[in-house]
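Heads up: the structure comes next, in structure tokens.
The values are calculated or read from the model by the stated rules, or taken from the named source; none is laboratory data. Since this is a predicted model, take the numbers as computed values, not measurements. Note that we place each Cβ from the backbone using ideal geometry, even for glycine, and neighbour counts take in every protein chain shown. For accessibility, only protein heavy atoms count, side chains too; no ligands or nucleic acids. Shrake-Rupley method; radii C 1.70, N 1.55, O 1.52, S 1.80 Å.
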Amino acid sequence: MTDAIADTVRLSPGPVDLRAIESDAAPGFEGKKADGKAALAEMAAELADLQERLWAERTAGSERRVLLVLQGMDTSGKGGVLRHTVGLIDPQGVRITSFKAPTDVELQHDFLWRIEKGLPAAGYLGVFDRSHYEDVLIARVRGFAEPAEIERRYGAINDFEAKLVAEGTTLVKCMLHLSADEQKLRLQERLDNPEKHYKFNPGDLDERALWPAYREAYEIALERTNTEVAPWHVIPADKKWFRNLAVAQLLRGALRGLDLHWPAAEFDVEEQKRRLAHEAPLA
């Protein structure tokens, strides 16, 4: 399978109009839902192998790591991506960090302070379930920071991400693009199913009422932070199966691009084979 999906969901430079980007499409993939699920399953072995190579390279001093940034409105499927896509990879090499409302301690620092504490170590696939972009999204919509501070943050984010890339982090930034109609259906499903009541928060409806303001905040953030070293990918998220497949393909492309190799042994392999073959009985 080619990386056709990855090519089509990468955001082009310039102004962003999310209303012009279909949320119920499957760009770069010609199959149906069953085909998409099968294609995701077929990637599992390669993703696991690539991630294990990344994990192994750290034992030889490699500083490389991958950071997947997931942003999207409520119900866009960040949790689904974690289960169905990131879940294909050995969990020992994954670090998931979820950024909720900042604590009193975190508010005493620059907005990137807590983000830096959540970065993955060498060899890891890190996942940000929400991220530093909350500080130019909800902070903008809800007025949690002054306009001048929001403006400063766009540049600070670009500098921060460029530094991460220069130090060995491969960034994969995904905006899960959900329609307002699909969100309503998913919220209704949570209300109708007692097994999903735990996922519902009445505050979700308060945020939904601000949908146009959030769309504008996303459009500005996407335009201002869509850089060559850390580009954005806008992934249609109405189709859950396509959303999962698209993120998987982006991760696979990022890992392939690292040209990962198994570390060479720092000992005489043949000698150790002989030792093992001729060892004395242990019992």
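Length gained on full extension, Asp159 to Gln188: 6.4 nm, using 0.36 nm per residue less the C-alpha separation.
Label separation (Arg208 vs Asp268): 7.0 nm, computed from points 7 Å beyond Cα along the C-beta direction. When Arg10, Arg64 are compared by accessible area of protein heavy atoms, the largest-first order is Arg10, Arg64, using a 1.4 Å probe. Each of Leu67, Ala48, Thr169 was scored by the projection of its Cα onto the charge dipole of the chain, and the greatest displacement toward the positive side belongs to Ala48; charges sit on the C-beta of Lys, Arg, Asp and Glu.
Antiparallel beta bridges, as assigned by DSSP with both residues in the chain, represent about 5 percent of the total such bridges.
For the stretch 21-129, a crude dipole built from +1 on the beta carbon of Lys and Arg and -1 on the beta carbon of Asp and Glu, taken about the Cα centre, is about 220 debye to the nearest 20. Using C-alpha pairs under 8 Å with a sequence gap of at least 6, the mean separation divided by the residue count of the stretch 56-142 gives a relative contact order of 50 percent.
Residue ranking by accessible heavy-atom surface, 1.4 Å probe, largest first, among Met73, Met43 comes out as Met73, Met43.
Placing +1 on the Cβ of every Lys and Arg and -1 on the Cβ of every Asp and Glu, with no other charges, gives the stretch 179-255 a dipole of roughly 320 debye about its Cα centre. Per-residue SASA remark: Ile5, around 0 Å² accessible (1.4 Å probe; ligands, DNA and RNA not included). When Lys100, Lys240 are compared by accessible area at a 1.4 angstrom probe, the order from most to least is Lys100, Lys240.
Element breakdown for the chain at a 1.4 angstrom probe: carbon and sulfur atoms account for 52% of the accessible area.
The accessible area of Lys163, taken with all protein chains in place and a 1.4 Å probe, comes to roughly 120 Å².
For the stretch 239-283, chymotrypsin sites (Phe, Trp or Tyr not before Pro) meeting the loop criterion (DSSP other than H, G, I, E, B) and having at most 12 other Cβ atoms within 10 Å: Phe267. Accessible surface area normalised per residue over the chain is 52 Å², counting heavy atoms of protein chains with a 1.4 Å rolling probe.
Annotation for the stretch 222-273: GluC sites (Glu not before Pro) lying in DSSP loop with at most 14 further Cβ atoms inside 10 Å of their Cβ are Glu228, Glu266. From the Cα gyration tensor of the chain, with a ≥ b ≥ c the square roots of its eigenvalues, which class applies: rounded if a/c is under 1.5, or else prolate if a/b is larger than b/c, or else oblate? Prolate is the answer for the chain, as a/c is 1.5 or above and a/b outweighs b/c. For the chain, relative contact order (Cα pairs under 8 Å, six or more residues apart, normalised by length) works out to 34 percent. The charge dipole of the chain, taken about its Cα centre with unit charges on the Cβ of Lys, Arg, Asp and Glu (plus for the first two, minus for the last two), comes to roughly 520 debye.
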